[in-house]
1. I'm checking a number: the convex hull volume of the Cα atoms of region 43-201, normalised per residue, in Å³. What is it?
2. Once you have a ≥ b ≥ c as the square roots of the Cα gyration tensor eigenvalues for region 129-186, tell me rounded if a/c is under 1.5, and otherwise prolate or oblate according to whether a/b is larger than b/c.
3. Let me have the relative contact order for region 43-201, percent, based on Cα pairs under 8 Å that are six or more residues apart.
């Protein structure tokens, strides 16, 4: 599920003391094409303000930051559903090590390197109850296209229709994770007017 999304793909692998987890079939979300390298990482509007979704404020399930330990994440989310090796046939440059593993927790995906977990993406459904908290903004399955357009009016003009293997026809929106320039970005995927996926994306 790493860098294998339809137009963007992010996933993070790991392994610590989770060797007892089974390794099911790969859970892929290939993207048809990567975003244009000329696409801006941030969007200027209203006299030069920058729209961005502050990565430093993110809390997974309202509790833990993007980088945490296996022990703390297990305490919050329970034992992972699976721990799998990186697909070395795909893009691996975004991973911290070829020894990293990808760890899946009921819709959350992380890269595990040693005893540290790095957030890769989160899938939102009514049944899994997953959410990310960005200061006063909560992203979950009830987040609507209209709310995204209100919060990020300039970036929302760049909504891009794409086709993903997991979700079919969707809308994709890219947002910078910080006010300062960076190669990383958030990718928000919306289906039928609601948020279904957030990826912490970086290119190969």
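1. Values: hull volume 19.3 nm³, N = 159.
Cα-based convex hull of region 43-201, divided per residue, equals 121 Å³.
2. Values: a/c = 1.44, a/b = 1.14, b/c = 1.26.
Because its axes are fairly even, with a/c under 1.5, region 129-186 counts as rounded.
3. On the way: 303 pairs, mean separation 35.5, N = 159.
Relative contact order comes out at 22 percent.
Where a number appears in this text, it was derived from the coordinates with a stated rule and is not lab data. Everything quoted here is computed from the prediction, not taken from an experiment.
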